[in-house]
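Scroll down for the structure; my scribbles are underneath it.
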Amino acid sequence: MFRFMSAPTEPSAEFLALFRAQADADERMDFARFMALALYAPGVGYYRRGQPRIGFGQGTDFFTASSSGPVFGELVACACAELLGAAAAQATFVEIGNETPGGILAGVPHPFAGVRTLPLGEPIELSGACVVFSNELFDAQPFRRFAFRDGAWRELGVAFRGGRLVETELETAPPDELPTLAPEGYVIDAPIAAAALAGQIAAQPWTGLFVAFDYGKSWRELTEACPAGTARAYHAHQQSNDLLARPGEQDLTCHVCWDWIAAALTKHGFAAPALDSQEAFLIRHAQSAIAAISTSEAAHYSRKKLSLLQLLHPSHLGQKFQVLHARR
């Protein structure tokens, strides 16, 4: 069964050649494999082409908390120091998947023993006392797609047909985590790779604080309250459901499953992972930094106050993003 999906721009010849070289004998692959190519393949992947992606300027596709400048780093440093207490002075702050040179603490005073950045694609090696921080790392991991049709779960993949990429059903067995029954047509975008990455991070010989900023939902929400799934694409600050358009030129993402990431941490000895909205986490744990910014900028409406508003206000990033944190 094939479903053509409208694409305002077709795949490049380079991407199609790579897709066909790595597809199966019927020129198909699962969506996770397609996404891995579209985002991370050398030379053609969205995160490998070197073009500007984040911010508000021409040619960018979306903005994140790190787009707000040093204010985000100041708040995160304050919150992590508050959670760690005296142990912060012995911990190395490790940012995984940093989007800006030097990471969010570049030029920001902090209490940590040192700072490391591990951009996307670099090996993750952790040891000793750490704060392991990420911002939108997990939603960028490839995910599998499943649709409930005719009483059974069908995995959705991508095929090359008639010179185009199309959605297709695969004959793979669904994972055990999927519910037995669902409404006809219900779609689950299963962020399995994100949970595996959390397990990889947690399994390494380090102690300290895990802090992940991202957008996600509980497994119950994903299986009961999101009938169309949560997958989407971003290009030129426009959100789209056309996941197969312009591969390598648009971002692909889905909501992470916080239950799965928390379970990966607990399995490796982290105590009681806690989940808050970004607004609640920063107000609860970065009060002194918020107060300092508000006081120093009290006389005028400054860029720093605007950044603070963007990070905290419920209608901006404050409720859109959540923070999962845990200590070991």
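Taking the beta-carbon count within 10 Å as an exposure proxy, list GLU95, GLU169, GLU184 from fewest neighbours to most.
On the way: GLU95 27, GLU169 17, GLU184 10.
With the fewest neighbours first, GLU95, GLU169, GLU184 line up as GLU184, GLU169, GLU95.
By how many degrees, between 0 and 90 and to the nearest 10, does the Cα long axis of helix 303-312 differ from the longest principal axis of the chain?
So the inclination is approximately 60 degrees.
Shape call for the range 185-313 from the C-alpha gyration tensor, a ≥ b ≥ c root eigenvalues: rounded (a/c under 1.5), prolate (a/b greater than b/c) or oblate? Could the numbers behind the result be given before it?
Details: a/c = 2.18, a/b = 1.25, b/c = 1.75.
Here the range 185-313 falls in the oblate category.
Just to be sure I understand: with springs between alpha-carbon atoms less than 10 Å apart, which residue in LEU170, LEU126, LEU181 has the highest mean-square fluctuation in the Gaussian network model of the chain?
Of the options given, LEU181 has the highest mean-square fluctuation.
When a footprinting reagent is the concern and you count Cβ atoms within 10 Å, what order do ILE192, ILE293, ILE261 take, fewest first? Provide the component values of the computation, followed by the final result.
Details: ILE192 16, ILE293 19, ILE261 27.
The fewest-first ordering by Cβ neighbours comes to ILE192, ILE293, ILE261.
Counting pairs of alpha carbon atoms under 8 Å apart in space and at least six apart in sequence, what relative contact order in percent does the chain give? Intermediate values should be presented prior to the final figure.
Working: 644 pairs, mean separation 72.4, N = 328.
Relative contact order here is 22 percent.
Please give, to one decimal in nm, the separation of the simple spin-label points placed at THR207 and ALA113, each 7 Å out from Cα toward the Cβ.
1.1 nm
Using only the alpha-carbon atoms, how far is helix 31-40 inclined from the longest principal axis of the chain? Give it as 0 to 90 degrees, nearest 10.
50 degrees
Determine the sum of side-chain charges near ARG116: Lys and Arg each +1, Asp and Glu each -1, restricted to other residues whose C-beta is under 15 angstrom from that of ARG116.
-3
Quick one: work out the % antiparallel among DSSP beta bridges in the chain, nearest 5. Intermediate values should be presented prior to the final figure.
Details: 38 of 60 bridges.
Of all bridge pairs located within the chain, approximately 65 percent are antiparallel.
Taking the chain as the reference, fit the longest principal axis to its C-alpha atoms, fit the long axis of helix 70-84 to the helix C-alpha atoms, and give the angle between the two in degrees, 0 to 90, nearest 10.
Value to nearest ten degrees: 80.
Sticking with the crude label model, points 7 Å out along Cα→Cβ, report the distance from LYS267 to SER240 in nm, one decimal please.
About 3.6 nm, to one decimal.
Sorted by packing (mean other beta-carbon atoms within 10 Å per residue), highest first, where do 37-48, 153-164 land?
On the way: 37-48: 19.4, 153-164: 17.8.
Taking the mean over residues of other Cβ atoms within 10 Å, the ranking is 37-48, 153-164.
Bear in mind these aren't lab numbers, they're just calculated from the coordinates by the rules spelled out. Because the structure is a prediction, the values reported are computed rather than measured. Cβ sites come from the backbone with ideal geometry, for glycine too, and all protein chains shown count toward neighbours.
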